[in-house]
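What follows is a single structure, written as C-alpha cells, with notes after it.
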Amino acid sequence: FVDDRKDVFFYQSDDEHYIPRALLIDLEPRVVNKITHHSPYRDLFNPENLFIAQDGGGAGNNWASGFRQGEEHHEQVIDMIDRESDNSDSLEGFVLTHS
C-alpha cells in the first residue's frame, strides 16, 4: 500500500472531488479572474480562498503602492491563511509563488 499523501496539497469535498489547498491572492483582478472565470480550472478552486483587492487597481509596479495596499489588506489575507492552516490535519509548510 502506497500513501500518496494527496491530502498535503488537496482536500476532498463532500462530492468526492479534490480541491487544492491554494490561496489565490492579487491586488488586481486580471490574473485571478482569468483562472477562475475563463479557464478549464474555474471550478477547481475554493471561492473562499480567493482574494482580490476591492479597488482592483493593483500596485502598478510601484513598491510604495503595493506596500500601502498590503498594509490595508493584510488582516484579511492572514485570516485566510489561518483558516486554511486550521483545516489541515498535518501542516507541513507553505509554497509561495510570486511574480
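The values are calculated or read from the model by the stated rules, or taken from the named source; none is laboratory data. A quick note: this is a predicted structure, and the numbers were derived from the prediction, not measured. Cβ: placed from backbone, ideal geometry, glycine included. Neighbour counts: every protein chain shown. Keep in mind that these areas ignore ligands, DNA and RNA; they rest on the heavy atoms of the full protein, side chains included. Shrake-Rupley method; radii C 1.70, N 1.55, O 1.52, S 1.80 Å.
Residues whose amide H comes within less than 5 Å of that of Phe10, counting only those at least five positions distant or on another chain, are Arg21 (H built at 1.01 Å from N in the peptide plane).
Can you give the relative contact order of the chain as a percent, counting alpha carbon pairs under 8 Å and 6+ residues apart? That works out to 24 percent. When each of the peptides 80-87, 91-98 is scored by how many other beta carbons lie within 10 Å of its residues on average, the order from highest to lowest is 80-87, 91-98. When the accessible area of the chain is computed with all protein chains present and a 1.4 Å probe, what percentage of it is carbon and sulfur? Here it works out to 53 percent.
Could you work out the helix-only [θ] at 222 nm for the chain, with each DSSP H run of four or more residues adding -39,500 (n - 2.57) and the total divided by the number of residues, to the nearest 500 deg cm²/dmol? Write out the running numbers ahead of the final one.
Numbers: 2 runs with 33 residues, N = 99.
Helix contribution divided over all residues of the chain: -11000 deg cm²/dmol.
Across region 88-95, rounded Karplus estimates of 3J(HN,Hα) from the backbone phi angles (6.51 cos²θ - 1.76 cosθ + 1.60, θ = phi - 60°) give 9, 7, 8, 4, 10, x, 10, 10 Hz, Gly and Pro being marked x. Of all the options Ile35, Ile78, Ile25, the one that moves most in a Gaussian network model of the chain with Cα springs shorter than 10 angstrom is Ile78.
The listed residues Arg68, Arg5 rank as Arg68, Arg5 when sorted by accessible area, largest first, using a 1.4 Å probe.
Electrostatic bookkeeping for Tyr18 treats Lys and Arg as +1 and Asp and Glu as -1; over the other residues with beta carbon under 14 Å from its beta carbon, the sum is -3. Computed over protein heavy atoms with a 1.4 Å probe, the accessible surface of the chain works out to 79 Å² per residue.
Tilt of helix 63-86 relative to the longest C-alpha principal axis of the chain, in degrees (0 to 90, nearest 10)? Roughly 20 degrees, rounded to the nearest 10. The label-point distance for His37 and Ser90, in a model that sets each label 7 Å from Cα toward Cβ, rounds to 3.9 nm. The dipole here belongs to region 1-95: it is taken about the Cα centre, uses +1 on the Cβ of Lys and Arg and -1 on the Cβ of Asp and Glu, and is about 540 debye. Between Lys6 and Ile19, the simple label model (points 7 Å from Cα in the Cβ direction) yields a spacing of 1.6 nm.
The distance between label points at Ala64 and Asp79 comes to 3.0 nm (points 7 Å beyond Cα on the Cα→Cβ vector). Other residues whose C-beta falls under 11 angstrom from the C-beta of Glu84 contribute a net charge of -2, scoring Lys and Arg +1 and Asp and Glu -1.
At the residue level, Lys6 shows approximately 80 square angstrom of accessible surface with a 1.4 angstrom probe and all protein chains present. Phi-derived couplings, Karplus 6.51 cos²θ - 1.76 cosθ + 1.60 at θ = phi - 60°, listed residue by residue for region 37-47: 10, 10, 10, x, 9, 4, 9, 7, 8, 6, x Hz, with x used for Gly and Pro.
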